[in-house]
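Participant: Here you go, one structure.
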Amino acid sequence: MKYGIDIGHNCPPDTGARGIKFEDNLTVDVGNRVIAKLKALGHQVVECKPTSASTVGDSLRKRCAKANASNIDVFVSIHFNAFNRQANGTEVFAASDAGRKIAKSVLNEIVKLGFFNRGVKNGSHLYVVRNTDMTAILVEGCFIDSQKDMALYNPEAMANAIVKGLTGKLPDNIPVDPVEDEEQNPDVTIQRLQKALNRLKITDQDGKPLAEDGANGPKTRSAIEKFQRIVDIQQTGSADQNTWNAINQILAKRIIRVNHAGGVAVRYLQYRLGVGVDGIYGPQTETAVKKYQQQNGLTADGIIGPITWQKLIG
């Protein structure tokens with residue numbers, strides 16, 4: 001099966017809703033997990049989110065064009081709702097009989113997580129459902145402005161539910177947890193960590209990139225401690241779970257905006273830009289971001305989106 005996965009919004013000026021959490025961050029997190037799981041099951045996946053757009057309409061058109069040109073079987077657009085802080089639950093939109101069948105299957109799996117069942121709804125008014133040539137659904141996972149939904153929300157569980165609803169199963173070959181892997185094959189895991197730190201431009205105590213040799217020597221430990229200090233986690237000098245979680249949060253390339261208290265990702269961003277590291281995207285950080293964007297020929301809008309992340313970490 002060939003799936004088109006559309007990670008909702010995340011393409012300024014096409015940006016998502018804001019509530020207790022920020023929709024753009026959730027759609028990236030869940031969408032990337034869905035893509036990885038579908039590939040692990042042996043399916044082909046086409047990522048339909050554009051890297052840039054001039055308007056929201058342009059963003060929507062590009063998503064549909066990518067899907068229609070890729071000969072995919074099922075198009076899935078991933079979103080999260082926001083309304084009045086009282087509404088809660090999950091709903092899935094579709095416009096065809098085949099779409100409604102898939103939508104019901106996905107919805108049933110998500111509501112098993114405890115979310116209120118808002119039903120399968122007519123999506124014929126939604127641009128990406130109406131303008132794709134294949135079976136299409138749009139998933140509204142839950143409400144980001146609902147305390148109830150956010151207490152239930154877990155990105156891994158949400159991704160599993162979507163994949164189970166689409167395919168009827170989940171992959172067995174889920175990658176080994178890095179901490180467990182370190183116990184079984186430490187050289188491979190340390191080398192993976194060295195590669196990640198080099199990608200993030202975290203140097204050793206001498207200001208040099210790490211040798212990607214799998215050896216957990218003093219230079220590697222100093223770079224790990226440096227990274228842990230930047231992101232404000234316990235400085236163990238080892239590749240523990242907190243360190244891997246922090247690395248993965250940054251590599252997820254979530255969109256960051258002014259006044260966005262993004263913790264780990266913002267602290268890393270501030271380190272790279274040479275401003276005070278406090279984990280809050282305030283005016284000083286915004287000025288530094290715009291300067292960096294200008295210096296690198298990017299639109300100086302102060303938004304850390306896909307193109308700016310590409311410049312920062314590839």
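Participant: If you scan region 134-164, which residues turn out to be more than 27 Å from ASN245 (Cβ to Cβ) and among the small types (Gly, Ala, Ser)?
Facilitator: Answer for region 134-164, where residues must be more than 27 Å from ASN245 (Cβ to Cβ) and among the small types (Gly, Ala, Ser): just ALA136.
Participant: Related question: Restricting attention to region 211-232, which residues are among the aliphatic types (A, V, I, L, M) and either open to solvent by 40 Å² or more (accessible area, probe 1.4 Å) or touching a Phe, Trp or Tyr at 6+ places or on another chain (Cβ under 7 Å) (or both)? Talk me through it step by step, then tell me what you get.
Facilitator: Taking region 211-232 and keeping what is among the aliphatic types (A, V, I, L, M), we get 211, 215, 223-224, 230-231.
Matches in region 211-232: ALA211, ALA215, ILE230, VAL231.
Participant: Residue by residue through region 118-159, note down the ones that are over 19 Å from the mean Cα position of the chain (by Cα) and among the polar types (S, T, N, Q).
Facilitator: ASN122, SER124, ASN131, THR132, THR135, SER146, GLN147 - these are the residues of region 118-159 that are over 19 Å from the mean Cα position of the chain (by Cα) and among the polar types (S, T, N, Q).
Participant: In region 1-42, which residues are β-branched (Val, Ile, Thr) and under 16 Å from GLY141 (Cβ atoms)? Can you show your working first?
Facilitator: At the first step, the residues of region 1-42 found to be β-branched (Val, Ile, Thr) are 5, 7, 15, 20, 27-28, 30, 34-35.
Of everything in region 1-42, those that are β-branched (Val, Ile, Thr) and under 16 Å from GLY141 (Cβ atoms) turn out to be ILE5, ILE7, ILE20, THR27, VAL28, VAL30, VAL34, ILE35.
Participant: For region 109-146, which residues satisfy the criterion of being open to solvent by 50 Å² or more (accessible area, probe 1.4 Å) and more than 20 Å from ILE5 (Cα to Cα)? Outline the logic, then answer.
Facilitator: Taking region 109-146 as the starting set, the residues that turn out to be open to solvent by 50 Å² or more (accessible area, probe 1.4 Å) are 112-113, 116-118, 120-122, 124-125, 127, 130-131, 133.
The answer is LYS112, LEU113, PHE116, ASN117, ARG118.
Participant: Mind listing whichever residues of region 290-314 are open to solvent by 40 Å² or more (accessible area, probe 1.4 Å), of a type in the set (S, T, N, Q) and at pLDDT 90 or above?
Facilitator: GLN294, GLN295, ASN296, THR299 - these are the residues of region 290-314 that are open to solvent by 40 Å² or more (accessible area, probe 1.4 Å), of a type in the set (S, T, N, Q) and at pLDDT 90 or above.
Participant: Let me ask another. Here's a check for you: in region 244-261, which residue that is free of Cβ contacts under 8 Å to residues at least 40 places away in the same chain and open to solvent by less than 70 Å² (accessible area, probe 1.4 Å) is nearest to LEU200 (Cα to Cα)? Give the derivation first.
Facilitator: Pass one, region 244-261, residues free of Cβ contacts under 8 Å to residues at least 40 places away in the same chain: 245-246, 248-249, 259, 261.
Subset that is open to solvent by less than 70 Å² (accessible area, probe 1.4 Å): 245-246.
Values: ASN245: 14, ALA246: 12 Å.
This residue is ALA246.
Participant: A further question on this structure: Within the set of pairs 6+ apart or on separate chains, which have a first residue in region 297-314 that is in contact (Cβ under 8 Å) with a residue 12 or more places away in the chain, a second that is among the acidic types (Asp, Glu), and C-beta atoms under 8 Å apart?
Facilitator: Close Cβ pairs satisfying both conditions: GLY302/GLU286.
Participant: If you take just the helices (runs of 4 or more DSSP H) that sit entirely in region 171-289, which of them hold at least 3 residues that are closer than 26 Å to PRO306 by Cβ and modelled with pLDDT of 90 or more? Walk me through it before giving the result.
Facilitator: Working: elements: 178-184, 186-199, 218-231, 241-251, 264-273.
Hits in region 171-289: 186-199, 264-273.
Participant: Among the candidates PHE80, PHE75, PHE93, which residue alone is hydrophobic (A, V, I, L, M, F, W, C), under 26 Å from LEU170 (Cβ atoms), in contact with a strand residue (DSSP E or B) (Cβ under 9 Å, 6 or more places away or on another chain) and free of Cβ contacts under 8 Å to residues at least 60 places away in the same chain? Spell out the reasoning first.
Facilitator: Numbers: PHE80 fails: free of Cβ contacts under 8 Å to residues at least 60 places away in the same chain; PHE75 fails: free of Cβ contacts under 8 Å to residues at least 60 places away in the same chain.
Among PHE80, PHE75, PHE93, only PHE93 is hydrophobic (A, V, I, L, M, F, W, C), under 26 Å from LEU170 (Cβ atoms), in contact with a strand residue (DSSP E or B) (Cβ under 9 Å, 6 or more places away or on another chain) and free of Cβ contacts under 8 Å to residues at least 60 places away in the same chain.
Participant: Okay, moving on. Only one of VAL45, VAL106, VAL92 is farther than 20 Å from GLU140 by Cβ and open to solvent by less than 40 Å² (accessible area, probe 1.4 Å); which?
Facilitator: Details: VAL106 fails: farther than 20 Å from GLU140 by Cβ; VAL92 fails: farther than 20 Å from GLU140 by Cβ.
Exactly one of VAL45, VAL106, VAL92 is farther than 20 Å from GLU140 by Cβ and open to solvent by less than 40 Å² (accessible area, probe 1.4 Å), namely VAL45.
The values are calculated or read from the model by the stated rules, or taken from the named source; none is laboratory data. On a predicted model such as this, the values are computed, not experimentally measured, just so you know. We place every Cβ from the backbone using ideal geometry, glycine too, and count neighbours over all the protein chains shown. The accessibility values were calculated without ligands, DNA or RNA, using every heavy atom of the protein model including side chains. Shrake-Rupley method; radii C 1.70, N 1.55, O 1.52, S 1.80 Å.
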